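As structure tokens, the structure follows; a few thoughts come after it.
The values are calculated or read from the model by the stated rules, or taken from the named source; none is laboratory data. All values derive from a computational prediction rather than experimental measurement. Cβ coordinates were reconstructed from backbone atoms using ideal geometry, including for glycine residues, and neighbour counts include every protein chain displayed. Keep in mind that these areas ignore ligands, DNA and RNA; they rest on the heavy atoms of the full protein, side chains included. Shrake-Rupley method; radii C 1.70, N 1.55, O 1.52, S 1.80 Å.
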Amino acid sequence: MSNLFPQWTNLIPTAAAVGLGFGTVVVVVGTWYYATPDYMEVGYMPTQPVDYSHQIHAGKLGMDCRYCHSHVEESYVSNVPDTATCMNCHTGDETTAYLNPVLWKAHQANKNLAIVRTSFQSGEPIEWRKVHKLPDYAHFPHAAHINAGVSCYSCHGRIDQMPIVYQTQGLGMGWCLDCHRAPEKHLVDVDGLLAGDTKVRITDLDRIANLLASDDQKKRGAELAEKRQIQPPQHCGACHY
């Protein structure tokens, strides 16, 4: 009696198993890479109602981040400044303004500043779009990190070089734990605790970027962690309610 199926059909289960295994690997690797904050969120750059350039204000003009984000050292959040803060600089006239008459005329004609002035006059706040978002079940106290010596740079990158702010880190749980497990990589000497010329302003992003990339950062950061007795928690309750 002849076989109902040809001999080559015996390879079907093996081929199916190999294909299923390969497909599983592809799905796992694809999910591991694509379904993560590093892929989904890094580079996020929402369109804002006003083209505010941190490159000009924090970079070229050298404004301290804390002039606008004034409660970052005492608050859980880095507050968005109200329009009155903008008007501390963007006000005046041809005779009293800090700008010369030519620049002041251009200043008055700027469409973005027109939005700011209208907001100030009407009392209606500018509806800025949030860039860095955390889930409701997680919290990040800015004050605790800033006062420990973790600079804005470690989480937000070179804000002072951004014409438009975008997200530079994925802000995933693994990223947070990496820092909590090795805080010495991100600590800077804001209080002058170390010998030598190591004291730095927490918002001096250019100098901090160079310090954190230097060969002796690990040793310097470890000494700072010991002097400040910094032992970041790694248990769930540290970041999750």
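For the stretch 182-189, state whether one or more residues are touching a Pro at 6+ places or on another chain (Cβ under 9 Å) and closer than 21 Å to GLU74 by Cα.
yes
Looking at THR9, THR95 in this structure, which one is loosely packed, with under 10 Cβ neighbours inside 10 Å, farther than 22 Å from GLN169 by Cα, at pLDDT below 80 and not hydrophobic (A, V, I, L, M, F, W, C)?
Within the list THR9, THR95, the selection yields THR95.
Which condition number does LEU177 fail, the rest of (1) within 22 Å of the chain's Cα centre (by Cα); (2) open to solvent by 60 Å² or more (accessible area, probe 1.4 Å) being met?
Going through (1) within 22 Å of the chain's Cα centre (by Cα); (2) open to solvent by 60 Å² or more (accessible area, probe 1.4 Å) one by one, LEU177 breaks only (2).
Please tell me if LYS105 is open to solvent by 80 Å² or more (accessible area, probe 1.4 Å) and modelled with pLDDT of 90 or more.
Details: open to solvent by 80 Å² or more (accessible area, probe 1.4 Å): yes; modelled with pLDDT of 90 or more: no.
No, not satisfied.
Which residues, taken from the stretch 122-150, are open to solvent by 50 Å² or more (accessible area, probe 1.4 Å) and either within 14 Å of the chain's Cα centre (by Cα) or among the aromatic types (Phe, Trp, Tyr) (or both)?
Scanning the stretch 122-150 gives TRP128, LYS130, LYS133, LEU134, TYR137, PHE140.
What single numbered condition from (1) assigned to a loop (DSSP other than H, G, I, E, B); (2) surrounded by 12 or more Cβ atoms within 10 Å (Cβ to Cβ) fails to hold for LEU211?
Condition not satisfied by LEU211: (1).
I need the full set of residues from the stretch 159-177 which are over 19 Å from PRO46 (Cβ atoms) and in contact with a helix residue (DSSP H, G or I) (Cβ under 7 Å, 6 or more places away or on another chain), in order please.
Of all residues in the stretch 159-177, those over 19 Å from PRO46 (Cβ atoms) come to 160, 172-177.
Result: ASP160, GLY172.
Check PRO233, PRO163 and return the single one that is within 20 Å of HIS132 (Cβ to Cβ), open to solvent by 50 Å² or more (accessible area, probe 1.4 Å) and either assigned to a loop (DSSP other than H, G, I, E, B) or among the small types (Gly, Ala, Ser) (or both). Lay out the reasoning, then the answer.
Working: PRO233 fails: within 20 Å of HIS132 (Cβ to Cβ).
Testing whether each residue is within 20 Å of HIS132 (Cβ to Cβ), open to solvent by 50 Å² or more (accessible area, probe 1.4 Å) and either assigned to a loop (DSSP other than H, G, I, E, B) or among the small types (Gly, Ala, Ser) (or both) leaves just PRO163.
Among the numbered criteria (1) surrounded by 14 or more Cβ atoms within 10 Å (Cβ to Cβ); (2) in contact (Cβ under 8 Å) with a residue 40 or more places away in the chain; (3) of a type outside the set (D, E, K, R), which one does ALA182 miss?
(2)
For the stretch 185-208, give me the residue count where each residue is farther than 25 Å from HIS69 by Cβ and open to solvent by 80 Å² or more (accessible area, probe 1.4 Å). Spell out the reasoning first.
To start, the set of residues in the stretch 185-208 that are farther than 25 Å from HIS69 by Cβ comprises 194-197.
Those left that are additionally open to solvent by 80 Å² or more (accessible area, probe 1.4 Å): 195, 197.
Adding up the residues that qualify gives 2.
Please find, within the stretch 41-79, the residue that is nearest to GLN169 (Cα to Cα) out of those that are open to solvent by 40 Å² or more (accessible area, probe 1.4 Å), among the hydrophobic types (A, V, I, L, M, F, W, C) and part of a loop (DSSP other than H, G, I, E, B).
Across the stretch 41-79, the extreme among qualifying residues is VAL42.
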